[in-house]
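Right, one structure below, let's go through it.
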Amino acid sequence: MIKVKVGLRPIVSKINLPTVLKTAILPGDSIERLFIATQVGEIFYIGNREIRTFLDIRPRILKLGASGGGYDERGLLGLAFHPEFYYNGLFYLHYSVAGTQGPGALSESFKPNPCDPKTLNLRWMNRETKYDHIDTIEEWILQANGQPKKRRTLLNLRRPFLNHNGVNSLNFSPETGKLVLTTGDGGSGYDPFNLSQDDLEIAGKIIEIDVDKNISYNNPPIVTRFNELPTTIQETLMVMAKGVRNIPGISFQRFYNQYIKYAGNVGQNLVESIFSFVQYKPIPVTELVQAPFMNSQPDKEGFINLGWRGWEGAFPASIIRRCTDNPALDEKTIAYYNEAAALSGSRLQPLTSYFHEDSRPDKFGGTALTGVQAYMGERIPALTGSVVFTDLARKESQPQVRGALAYTTVRPNGEQNDFSVIQTDYDFGSQSAYYVNLGTNLDQTRLYLGVYGSMKVTDFNQGTIFEIVEPSL
């Protein structure tokens, strides 16, 4: 693949940890503005070369960083503007609700043991008391006086652990006009309850929400499964995909009269994966709920399965142990052999993957996938028509942490492809630079990168937003 070098142009600095970068045109405005959502609950936009507050919901967000030494995966995780936002002022939020902290679903950390069936068949019991927090999906409106106001709640989700809640988790599909919610598998590690493969679990899915249907319903119960929802809410939902571990959003790329969908799956120990698909057949939630009573299985022809927890990208999910005879080597044991075998022919193969350990000179060892975005601009010709992705921190970048940028393309024959690292010309100096997210504008001709100087949400004002531009001469 072509080697690409880009520049990073700072737009705004000294902000809190950014989770979403999107553009929108405000009602009555004529300029496309860059909006920045932070994990602690702020939403800013750039106007007349200065940063302005659009909404501040920090009091609605649960206290972050208290139980993880400053690290946290909860907070304000999703922001999406209705396709008709300019006319109707509607936008959508996904966040972790203040005052909902619970003890967690398990009393100790989880790791599967292929020799112990109990660890392979755990069930999430006592869900109303054994959970970590509650996430909510809400519809808001920008009023005529310029003040945002909550209109209604779409979903209230009880989550078993603090991590794997998704990030950049709300995006509108230009193909269907529906709001797409991407949920992680619920957290811990290795998906202890196998929520991602259970059709009735909301965790570990890519879900379409018809926000224009049943708009009067405003008080949904707190749930974990689709069959716990009232029928009026079930009727607004369809499941696009399952087998999700954790996902930094979904990106749509117009290709002639179709859309390529890109979704990344964050790995466990081995590999980070980017998936792509064009054709898919979502399953109505009402059909999934009714199937057990009808003694039938939903038609899953064309239904997307990313393979987790049996598969980590293109590899069976594995447990890694250091070799006692040779500490420089690892022993890898398949964690869920039967599940990997059962899914071997029905899962979607990734478009490309990159490894946590990779000694090749033109690659890098990654940590966690943090953004996937299609690019259709012409300012960086080598990237036109590609999909760009970011990794949190390159393994070899210590002591000064550096994230990674890379890209790949869809092959005409649909086969898997390699990827290429994108070089940058920006000097971060002695400051750490975690690449925490990736965004784009409405027509995907610009790319925005969120960089943070720490992995602790409790370390404030360490964020910088860059535009990815052609390199300076």
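Would you call Asn413 farther than 30 Å from Ile61 by Cβ and not hydrophobic (A, V, I, L, M, F, W, C)? The answer is yes for Asn413. Can you pull out every residue in the stretch 194-209 that is in a loop (DSSP other than H, G, I, E, B) and under 20 Å from the mean Cα position of the chain (by Cα)? The answer is Asn194, Asp198, Asp199, Ile202, Ala203, Gly204.
Residues of the stretch 83-113 that are of a type in the set (Gly, Ala, Ser) and assigned to a loop (DSSP other than H, G, I, E, B): Gly89, Ala98, Gly99, Gly102, Gly104, Ala105, Ser107, Ser109. As a summary of the residue check, Glu175 satisfies the conditions (1) in contact with a strand residue (DSSP E or B) (Cβ under 7 Å, 6 or more places away or on another chain); (2) at pLDDT below 95; (3) surrounded by fewer than 21 Cβ atoms within 10 Å (Cβ to Cβ) except for the one numbered (2).
Between Arg123, Arg127, Arg158, Arg152, the distinction of being open to solvent by less than 20 Å² (accessible area, probe 1.4 Å) and of a type in the set (Lys, Arg) belongs to Arg152 only.
Residues in the stretch 221-251 that are among the charged types (D, E, K, R) and part of a strand (DSSP E or B) were compared, and the one that is surrounded by the most Cβ atoms within 10 Å (Cβ to Cβ) is Lys242.
Say we look at the stretch 95-139 and pick out the residues that are aliphatic (A, V, I, L, M) and out of contact with any Phe, Trp or Tyr (no Cβ under 9 Å at 6 or more places or on another chain); which of these is farthest from Ile61 (Cα to Cα)? Looking at the filtered set, the residue picked out is Met125. Of the residues making up the stretch 348-377, those that are over 24 Å from Glu73 (Cα atoms) and within 19 Å of the chain's Cα centre (by Cα) are Leu348, Gln349, Pro350, Leu351, Thr352, Ala374, Tyr375.
Considering each of Gln258, Gln290, Gln268 in turn, give the residue that is polar (S, T, N, Q), open to solvent by 10 Å² or more (accessible area, probe 1.4 Å) and closer than 21 Å to Gly189 by Cα. On inspection, the qualifying residue turns out to be Gln268. Screening the candidates Glu108, Glu84, Glu139 for the property of being open to solvent by 40 Å² or more (accessible area, probe 1.4 Å) and under 21 Å from Leu181 (Cα atoms) yields one hit, Glu84.
Of all the residues in the stretch 62-81, those that are open to solvent by 80 Å² or more (accessible area, probe 1.4 Å) and at positive phi number 0. Within the option set Val180, Val167, being modelled with pLDDT of 95 or more, under 20 Å from Met240 (Cα atoms) and in a strand (DSSP E or B) holds for one residue only, Val180.
When Ser430, Ser472, Ser454 are checked against the criterion of being open to solvent by 30 Å² or more (accessible area, probe 1.4 Å) and touching a strand residue (DSSP E or B) at 6+ places or on another chain (Cβ under 8 Å), a single residue qualifies: Ser472. Asn145 meets all of the listed conditions (1) buried (at least 21 other Cβ atoms within 10 Å of the Cβ); (2) assigned to a loop (DSSP other than H, G, I, E, B) but one, namely (1). Reported count of residues in the stretch 358-379, each being assigned to a loop (DSSP other than H, G, I, E, B) and within 17 Å of Val401 (Cβ to Cβ), is 5. Has the stretch 407-418 got any residue that is surrounded by fewer than 21 Cβ atoms within 10 Å (Cβ to Cβ), modelled with pLDDT under 95 and farther than 22 Å from Gly385 by Cβ? Checked the stretch 407-418: no residue is surrounded by fewer than 21 Cβ atoms within 10 Å (Cβ to Cβ), modelled with pLDDT under 95 and farther than 22 Å from Gly385 by Cβ. The condition (being open to solvent by 20 Å² or more (accessible area, probe 1.4 Å), in contact with a Lys or Arg (Cβ under 7 Å, 6 or more places away or on another chain), modelled with pLDDT under 95 and not in a helix (DSSP H, G or I)) is satisfied by just one residue among Asn218, Asn214: Asn218.
The values are calculated or read from the model by the stated rules, or taken from the named source; none is laboratory data. Just so you know, these numbers come straight off a predicted model, no measurement behind them. So basically every Cβ, Gly included, is an ideal-geometry build from the backbone, and we count neighbours across all protein chains shown. Protein only, heavy atoms only, side chains kept; ligands, DNA and RNA dropped before computing areas. Shrake-Rupley method; radii C 1.70, N 1.55, O 1.52, S 1.80 Å.
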